[in-house]
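Read-outs: derived from the displayed coordinates by stated rules, not from any lab. A quick note: this is a predicted structure, and the numbers were derived from the prediction, not measured. So basically every Cβ, Gly included, is an ideal-geometry build from the backbone, and we count neighbours across all protein chains shown.
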Amino acid sequence: MITESRKELVTSLERKALNIRRDVVEALHNTGGYHLGASFSIVELLCALYFHKLRVDPARPDWPDRDRLVLSKGHGSAALYATLAHRGFFPVEELMTMKTFGSRLQGHCDMLKTPGIELTTGSLGHGLPAGQGMALAARMDGRPSRVYVIIGDGESDEGLVWEAALSAPKFKLDNLVCILDRNEFQSSGPTSQIMPSLEPVADKWRAFGWHVIEIDGHDFNQILGALDQAETVKGKPTFILAHTVKGKGISFTEANNRWHVGVLTDEEYRQAVKELSGEAVR
């Protein structure tokens, strides 16, 4: 049963997601940036993590006992920057410098420049092995930290992903959660054409010894339920297979791989703003 408090939380998160999409559109149009599609497929996942689940302190981004989020699919950086800004890691106004020369908000996340970024990403496949190391270190140090890693399905062509998938269960890392943004596209086309043997995804991770949960990655009730469930799992890491839509939230960007690198024209920007104009609040 969904309680009244959960309904209120979901409503709040839906508003956050709408605001974040609006800010990403504003920023990318302002700077001529791209990777809108890869950003919009993970907005709900980021909102559920940063505004409900993660133990973080924007005033102390290096707090040793914090939880960690590693965005291994670095092309989703715009959504992460907007989320971090709304969470208080840096001013929302700074988003308007996104992906420009000299900005702290580069095209790929940089842990040496941007508050709240746990790992410099862009070299695909590196996030999960690094996240595994963070989870193992937290356990060895006796810290309560949990580590969440968002990977892409195109990124899942990389061997490093599968090496980490194979080794994390050996160490019984129940403080590690890997979330697959399964939007079924990568930069050069549909994953079903480029690497169809990725399927059956859930069966592969289950066979490697992970606790597997399959959800709609845009449904907050399902996302929150999966994150709650992951905290109860003992002796093994959790894999959340999140079915998403690349470019989710704007009619002409949804499931359209042009928006992996597409740049909004003025007309497209106006249409996007119109579609995202409902009930957005600061």
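Quick notes on this one:
- Spatially proximal lysines relative to residue 99 (Cα-Cα < 30 Å; intrachain offsets below 8 disregarded): 16, 53, 73, 113, 246, 248, 274
- Between the stretch 8-39 and the stretch 164-179, the alpha-carbon centres lie 30 Å apart.
- Per-selection Kirkwood Rh - the chain (Cα, Å, 1 d.p.): 18.8 Å
- Helix 4-31 and the longest principal axis of the Cα set of the chain meet at an angle near 60°.
- For the pair the stretch 208-252 and the stretch 98-132, the centres of their Cα atoms are 23 angstrom apart.
- Distant-in-sequence amide contacts of residue 179, defined by a placed amide H-H separation under 5 Å and a gap of 5 or more residues or a different chain, comprise 149, 150, 151, 240.
- Computed packing ranks the peptides 223-235, 128-140 as 128-140, 223-235, most packed first, by mean other Cβ atoms within 10 Å.
- Our coupling estimate for the stretch 241-258, obtained by passing each phi through the Karplus curve with A = 6.51, B = -1.76, C = 1.60 and θ = phi - 60°, is 8, 9, 6, 10, 10, 5, x, 4, x, 10, 4, 7, 9, 5, 6, 10, 6, 4 Hz, Gly and Pro reported as x.
- Cα shape, the stretch 181-257, gyration tensor, a/c 1.5 rule: oblate
- Cβ crowding within 10 Å averaged over residues, with 148-158, 98-108, 36-46, 57-67 ranked highest first: 36-46, 148-158, 98-108, 57-67
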